[in-house]
Every structure is written in C-alpha cells, then in structure tokens.
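*Asks:* Sharing a structure with you now.
The values are calculated or read from the model by the stated rules, or taken from the named source; none is laboratory data. Quick caveat, the model's predicted, so the values are computed rather than measured. Because the Cβ atoms are built from the backbone with ideal geometry, glycine has one as well, and the counts that use them run over all protein chains shown.
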Amino acid sequence: MSGGRHAAAVAGIAVALAGLALLVLAVGASLRLPEHAQAGLVRGTVVLFFAFMFLLVLRYLSLLWLGYLHFVHDGVPEGHEDGDYTPPVSIIVPAYNEGRIVAASIRSLLGQRYPRFEVLVVDDGSTDDTYAQASAFAGRQGGVTVRVVSKANSGKAGALNTGISLARYPFVLCVDGDSRLSENTLRRMARHFRDPDVAAVAGNVKVVNRIGFWARLQALEYIEGHNMARRAQGFMRAVNIIPGPVGMFRRDTVQRLGGYDTDTFAEDADLTLKILAAGWRVEYDDAALAWTEAPETLDALIKQRYRWTRGILQALRKQKRVLTSPQSFSTWLSVVMMIFEALLWPAMNVAGSIFFVTIAVAFGASAHLLAWWGLLTLLDLSAALYTVAVEREDLRLVPLAVAYRFVFVLLIDVAKLFATVEEFMHVEMSWGKLERLGRI
C-alpha cells in the first residue's frame, strides 16, 4: 500500500473517530430534556433511542476498523498474494432487453488484461435487439472467444444458470448486462482462488452515471454504505451479498449447491448465503471495479430498493440455517449485520426521526433535534471522508453527506419498511426491471 493511501486512510479514520466520539457525547447530553418532557414514557423512549444510537456508533466503529484492516492487508490471506495465479475464466453476461448497452459492456470485457478467458452472453428472451447487438461480437475477438446464446425468458437467475452450465472453464465471473469492468478486474479476483477455502469473490461496484441529485447520492451510497460494509465483511472472509454487477465463483461449487434459485427477488444474496451456509469463504476485492448504471429518478430508485429489500428478506428466510447453525463466528456476525441493515435499522431510523420531530414540536426541544441532526450528519461526513479517501474517489461527493442521512437514507428506509410489511403479508410483486438509459 502506498504511503499516500496509508496517510489518507489514517487521516480519514482519525476524523471518523472524532465524529463518533462527539456523537456519543452529544446523544448522552440529549437525555437532559426540558422538565415538562420528563414523563416516564418519553424518558424511557429517549433511553431506548440512546441505546440504539450507541449500537449505531458501535456498528460504525466496527465497520471502519475491520474495513481498515482489510485495506491494510489488501484482502488476501498471507501466502496467497501472487497476482500470477490466472486460471481460465468464463465471463457470463445475462441480458434481457439490454440493447442500448450490451455492446459497450462486451467491449469492456474484451479489454481485460488476462491471459485466458471467454465471454458468454445469455440473451434471456429479449424483445429488443439485444441478441443482434451481442451477436455482432460472436466468434474470436483477438485472443478471446465470444459466444452468444438465446433462451426463452425465465429471469436473471435462469439465464445465469444457463451460462454456468455452458461455461467451459472452472471459474465463472458473473456480471450484469450493464456492467463495465476495469481492465484488471479478472486478475484481481482470480488471485483469491489460490486459497482452496474460497468459493466466491465480490467486486467493488461504483455508479457510472453521476448526473442529477439521486444518482450522485447513490454514488456516495455505494462507496460509503455498501463498500464500507463489504470491506469489513471481506476482512472476516464472509461477505454476505455478492453484487450482481461483479462476482466470481468456483463453477463446480455453485453447481453442487444447485446454482441460482429462481424463487427470490435477490438471487445474488440467496446464492451467497447458500455458499456461506456450506462453510465456504467469500472474499472482497476493492480493486476489482465494476461500473453500473443507477436509477436517475426517485420513482425508479424506490422500486429498485423495494425489490432488493423483499429479495433479501426472502433469502434470509430460506437460508436461516446460516444464522441458526453457522459454520463460523464470522459467518454468524456477517448475517447478523445483514439482518440489522434489512430490518432493525430502517425501523429505528424512521421511528427515531418521527420521535425527535415530535419531541421538538410538543416540548420545545428543538435544540435536541438540531443536535441530533447535526451530529449524525457529522458521522456521515466522517465516514464519507474516510471511504472516499480509501477508494481515491471524487472528493466532491463528500458534501453530499449533508443530504445523505435525512433525505436519501430516510426515503430508502421508508421504502424498506413498506417492503418488509408487504413481504410478511405475502403481497404479490413483479420483478420491476430497471429501464437502462445507456449511460455506460
């Protein structure tokens, strides 16, 4: 690790820890409510939220520290750092109505700096020109073979299973039809498989279309929200969701576990939990980059997160043995974190926002509301600064943390709550495919 990156990481952690310390002190001070707000019920509720805030601070500290350890150790166990481990790989691209972007995706895959791989595009019964666009690349492209197959529409999981069954090589890299990979992604991910206990590796997903308010907030969310947690899980070697845009697997392991199931709306989370439940390790590589197109409108964003939440809950219900009979403490802890993010945190965040606003209006405790808002914002600014520094990202994303907690996260958590209620009520839903705009 270069001295510059090390210094940036240390500085970021120092700022983050300072923010966390201030947050703990401020929340403790917020227990001193006005005298007319000292009723037992109100006081008890404040104590409850103080306990939750302490848990939140502990979570941030844990993620930052474990993520930093992963950063320092580069995510690869000692003795397995050799970047010359380059087994042949099949890249599988499931595509449904991706005519606008599938050609750009294939071009990025052909640019991989890797000695031996193939690209297999599985057209899942598209009704546009996806098959024609992909077929233009079929055959030999330099030293790479591109194959294109078409099948009746059965969903992304079915398309991935078809690709895995047709793959010629022992390792498969599954990417979305809108993904664009950095040129060293294959080499970075393959090196982890020198360890025979590793069954899968998750890559680092970033937003490519950083235009508009919602897309830019998602760019920060992917760096601070998703990758901070995934980096910490990577240190424990128990990543709980391999992202759809970039995930690499041992082909025979996936087939023995039955491949991707088609009965959830989060097939990537479902397969990851199956792998962990079977006792395998799942790594994370922050330099295995994949760029993806994020929703640019609030409506599309809410629909996407609604589907993600219901899919994760479905996967957790199916694979509950990974929590009740875990193969390791790291696996158990990773799944507990997953449940916290999917269930506990959204409910407490929404309830906490309502509670503090009510206290401010009913008892004139606006100073407490302001302190709560300001110091949570400081927490997010600290985390944003640290994660942006670690990933050498655009510093202009950091100020977005001001709107991140009380605009973006709150809206997403409301969507998660609706998704949770409707999942437990078994309300029917459809896949709701995101319409791509071709930003890649």
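*Asks:* Looking at (1) surrounded by 16 or more Cβ atoms within 10 Å (Cβ to Cβ); (2) at pLDDT 95 or above; (3) more than 14 Å from A288 (Cβ to Cβ); (4) among the aliphatic types (A, V, I, L, M), find the lone condition where L166 falls short.
*Replies:* Of everything listed in (1) surrounded by 16 or more Cβ atoms within 10 Å (Cβ to Cβ); (2) at pLDDT 95 or above; (3) more than 14 Å from A288 (Cβ to Cβ); (4) among the aliphatic types (A, V, I, L, M), L166 misses just condition (1).
*Asks:* Does Q304 satisfy being farther than 22 Å from G177 by Cβ and outside the structural domain of S165 (by TED's automatic domain parsing)?
*Replies:* Working: farther than 22 Å from G177 by Cβ: no; outside the structural domain of S165 (by TED's automatic domain parsing): yes.
So Q304 does not fit the description; no.
*Asks:* May I pose another question? Taking helices (runs of 4 or more DSSP H) that fall entirely within region 261-343, which contain at least 1 residues that are modelled with pLDDT of 90 or more?
*Replies:* 267-277, 298-318, 329-339
*Asks:* Testing G432 on (1) within 16 Å of Q304 (Cβ to Cβ); (2) at pLDDT 90 or above, one condition comes back false. Which one is that?
*Replies:* The failed condition is (2).
*Asks:* Before we move on, is V146 closer than 28 Å to P88 by Cβ, of a type outside the set (K, R) and buried (at least 19 other Cβ atoms within 10 Å of the Cβ)? Working first, answer last.
*Replies:* Working: closer than 28 Å to P88 by Cβ: yes; of a type outside the set (K, R): yes; buried (at least 19 other Cβ atoms within 10 Å of the Cβ): yes.
Considered against the rule, which asks whether it is closer than 28 Å to P88 by Cβ, of a type outside the set (K, R) and buried (at least 19 other Cβ atoms within 10 Å of the Cβ), V146 comes out as yes.
*Asks:* Of the numbered conditions (1) surrounded by fewer than 21 Cβ atoms within 10 Å (Cβ to Cβ); (2) farther than 27 Å from E393 by Cβ; (3) aliphatic (A, V, I, L, M), I302 fails exactly one; give the number of that condition.
*Replies:* Every listed condition holds for I302 apart from (2).
*Asks:* Out of all the residues in region 110-137, which are without any contact (Cβ under 8 Å) to a residue 60 or more places away in the chain, within 29 Å of A287 (Cα to Cα) and in contact with a strand residue (DSSP E or B) (Cβ under 6 Å, 6 or more places away or on another chain)?
*Replies:* Selection gives L110, E118, V119, L120, V121, V122, D123, A134, F137.
*Asks:* So in region 203-219, with the set limited to residues that are part of a helix (DSSP H, G or I) and touching a strand residue (DSSP E or B) at 6+ places or on another chain (Cβ under 9 Å), which one is surrounded by the most Cβ atoms within 10 Å (Cβ to Cβ)? Even if it seems obvious, please write down each step before you answer.
*Replies:* So the first thing to find is which residues in region 203-219 are part of a helix (DSSP H, G or I), and the list is 213-219.
The next check asks that each one be touching a strand residue (DSSP E or B) at 6+ places or on another chain (Cβ under 9 Å); those that pass are 215-216, 218-219.
Details: A215: 19, R216: 21, Q218: 26, A219: 22.
Ranking the candidates gives Q218 first.
*Asks:* What are the residues in region 220-270 that are in contact (Cβ under 8 Å) with a residue 24 or more places away in the chain, of a type in the set (G, A, S) and at positive phi, if any?
*Replies:* Within region 220-270, G259 is the sole residue that qualifies.
*Asks:* State the number of residues belonging to region 272-310 that are without any contact (Cβ under 8 Å) to a residue 40 or more places away in the chain and either in contact with a Leu (Cβ under 7 Å, 6 or more places away or on another chain) or closer than 22 Å to R256 by Cα (or both).
*Replies:* First, the residues of region 272-310 that are without any contact (Cβ under 8 Å) to a residue 40 or more places away in the chain: 299.
In the following step, the residues that additionally are either in contact with a Leu (Cβ under 7 Å, 6 or more places away or on another chain) or closer than 22 Å to R256 by Cα (or both) were identified as none.
Residues meeting the conditions: 0.
*Asks:* When you look at A419, is it at pLDDT below 85, in contact with a helix residue (DSSP H, G or I) (Cβ under 7 Å, 6 or more places away or on another chain), of a type in the set (G, A, S) and crowded, with 20+ Cβ neighbours inside 10 Å, yes or no?
*Replies:* Details: at pLDDT below 85: no; in contact with a helix residue (DSSP H, G or I) (Cβ under 7 Å, 6 or more places away or on another chain): yes; of a type in the set (G, A, S): yes; crowded, with 20+ Cβ neighbours inside 10 Å: yes.
Answer is no for this residue.
*Asks:* Only one of these is in contact with a Leu (Cβ under 9 Å, 6 or more places away or on another chain) and modelled with pLDDT of 70 or more: R392, R405. Name it. Before you say what the answer is, go through the steps one by one.
*Replies:* Values: R392 fails: in contact with a Leu (Cβ under 9 Å, 6 or more places away or on another chain).
Of the residues listed, the single one that is in contact with a Leu (Cβ under 9 Å, 6 or more places away or on another chain) and modelled with pLDDT of 70 or more is R405.
*Asks:* Check whether at least one residue in region 260-274 is polar (S, T, N, Q), crowded, with 22+ Cβ neighbours inside 10 Å and more than 22 Å from R180 (Cβ to Cβ), and report yes or no.
*Replies:* Here is the first cut: in region 260-274, the residues polar (S, T, N, Q) are 262, 264, 272.
Then drop every residue that is not crowded, with 22+ Cβ neighbours inside 10 Å, which leaves 264, 272.
From what is left, the residues that are more than 22 Å from R180 (Cβ to Cβ) are 264, 272.
There is at least one residue in region 260-274 that is polar (S, T, N, Q), crowded, with 22+ Cβ neighbours inside 10 Å and more than 22 Å from R180 (Cβ to Cβ).
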